[in-house]
Amino acid sequence: MTELEAFCVELAAAAAAVTVPLFRTDCGEENKAERGFDPVTEADKGAEAAIRKLIGARYPDHGVIGEEYGEDRPDAEHVWVLDPVDGTRAFISGLPLWTTLIGLKVAGKPTIGAIAQPYIGELFLGGPSGAVLMARGETTPIRTRSCPRLTDAVISTTDPEIFNGAELGAWTQVRATARLARLGCDAYAYAMVAQGTMDLVAETSLKEWDWTALIPVIEAAGGKVTDWSGGAPSGDGRILAVGDAALTEQALVTLKRAAI
């Protein structure tokens, strides 16, 4: 494990020290949306503050982009991209499907990522040293599984309501082709792709902090992450993650039409 991979694990532990005690409690929920419902809790804010404090102390020249506190030196060579509680709706509902996402970009490229679910004691780490699951005192290599046909695939999205009309039509067609679809898993679904129990996740309207950490985990495990046009994920927030690269083109047959 490299120094920065080990530091990523340390950051996840610092976040867990904030989030876990607040889970299934009165966590200071607020609605930060002017219209609709976009919750934030003391867990979100406290965990990101704890991570930023450690980064500032250890690597003061590194930049940070976080959901709760914005950007600090976003053009630095090393930039940490943080979502302290991805799946805040799950968090406030008492469902252990929320995660802490910690990604590191080096020269603009997602290089190290962690998907942590500290309540059940799991941390999925991906980077130059490979992809591993750290859980219950053991560190185990993980690998995506072979699934070359969409008709055999287990797929996921958080909620079909995130899609606009064309996107929903594309997702519906992909779902109709796949063997099984599971909803409501947030970023935990990407961890399942990395460990080889799910095969594909498609989502839209994601922010940089939603997807940066996912890329190194899935790619180090043997998978592939693109946008809906087959390129690198970008500001449009459309993400396609697969465990078997053979699924990419099969899904893009439909998804590309919605990305125009």
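The values are calculated or read from the model by the stated rules, or taken from the named source; none is laboratory data. As the structure is a prediction and not an experimental result, all values here were calculated from the model. When we count neighbours, we look across all protein chains shown, and the Cβ atoms used for this are built from the backbone with ideal geometry, even at glycine.
Details
- Number of the exception - residue 213 against (1) surrounded by fewer than 21 Cβ atoms within 10 Å (Cβ to Cβ); (2) touching a residue at least 40 places away in the same chain (Cβ under 8 Å): (1)
- In the stretch 230-260, the residues that are in contact with a helix residue (DSSP H, G or I) (Cβ under 6 Å, 6 or more places away or on another chain) and assigned to a loop (DSSP other than H, G, I, E, B): 230, 233, 243
- Residues of the stretch 127-168 that are part of a strand (DSSP E or B) and in contact (Cβ under 8 Å) with a residue 24 or more places away in the chain: 127, 130, 131, 133, 134, 154, 155, 156, 157.
- Some residue of the stretch 115-124 being under 29 Å from residue 43 (Cα atoms), touching a Pro at 6+ places or on another chain (Cβ under 7 Å) and assigned to a loop (DSSP other than H, G, I, E, B): yes
- In the set (1) closer than 14 Å to residue 239 by Cα; (2) at pLDDT below 95; (3) touching a helix residue (DSSP H, G or I) at 6+ places or on another chain (Cβ under 7 Å), residue 156 fails one condition alone, (2).
- Picking from residues in the stretch 58-76 that are touching a residue at least 60 places away in the same chain (Cβ under 8 Å) and part of a strand (DSSP E or B), the one that is nearest to residue 41 (Cα to Cα) is 66.
- Just one of the listed residues (245, 221) is modelled with pLDDT of 95 or more, within 27 Å of residue 123 (Cβ to Cβ), in contact with a strand residue (DSSP E or B) (Cβ under 6 Å, 6 or more places away or on another chain) and surrounded by fewer than 20 Cβ atoms within 10 Å (Cβ to Cβ), namely 245.
- Candidates 111, 99 - the one that is surrounded by 20 or more Cβ atoms within 10 Å (Cβ to Cβ), farther than 17 Å from residue 219 by Cα, in contact (Cβ under 8 Å) with a residue 60 or more places away in the chain and not assigned by TED's automatic domain parsing to the domain that holds residue 225: 99
- When 76, 90, 57 are screened for being outside the structural domain of residue 184 (by TED's automatic domain parsing), touching a Phe, Trp or Tyr at 6+ places or on another chain (Cβ under 6 Å), surrounded by fewer than 23 Cβ atoms within 10 Å (Cβ to Cβ) and of a type outside the set (Ser, Thr, Tyr), only 90 passes.
- Selection of the stretch 173-226 for residues being assigned to a strand (DSSP E or B) and touching a helix residue (DSSP H, G or I) at 6+ places or on another chain (Cβ under 9 Å) yields 181, 182, 183, 200, 201, 202, 203, 224, 225, 226.
- The number of residues in the stretch 78-94 being in contact (Cβ under 8 Å) with a residue 24 or more places away in the chain and either assigned to a helix (DSSP H, G or I) or over 14 Å from the mean Cα position of the chain (by Cα) (or both) comes to 8.
- Selection within the stretch 187-239 - more than 14 Å from the chain's Cα centre (by Cα) and at positive phi: 196, 222, 230
Residue-wise test of (1) touching a Ser or Thr at 6+ places or on another chain (Cβ under 7 Å); (2) farther than 30 Å from residue 63 by Cβ.
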{"position": "176", "(1), (2)": "no, yes"}
{"position": "190", "(1), (2)": "no, no"}
{"position": "196", "(1), (2)": "yes, yes"}
{"position": "201", "(1), (2)": "yes, no"}
{"position": "211", "(1), (2)": "no, no"}
{"position": "215", "(1), (2)": "no, no"}
{"position": "220", "(1), (2)": "no, no"}
{"position": "224", "(1), (2)": "yes, no"}
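Quick grid of which residues meet (1) among the charged types (D, E, K, R); (2) more than 24 Å from residue 120 (Cα to Cα); (3) surrounded by fewer than 18 Cβ atoms within 10 Å (Cβ to Cβ):
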| site | (1), (2), (3) |
| --- | --- |
| 21 | no, no, yes |
| 31 | no, yes, yes |
| 36 | no, yes, yes |
| 39 | no, no, yes |
| 46 | no, no, no |
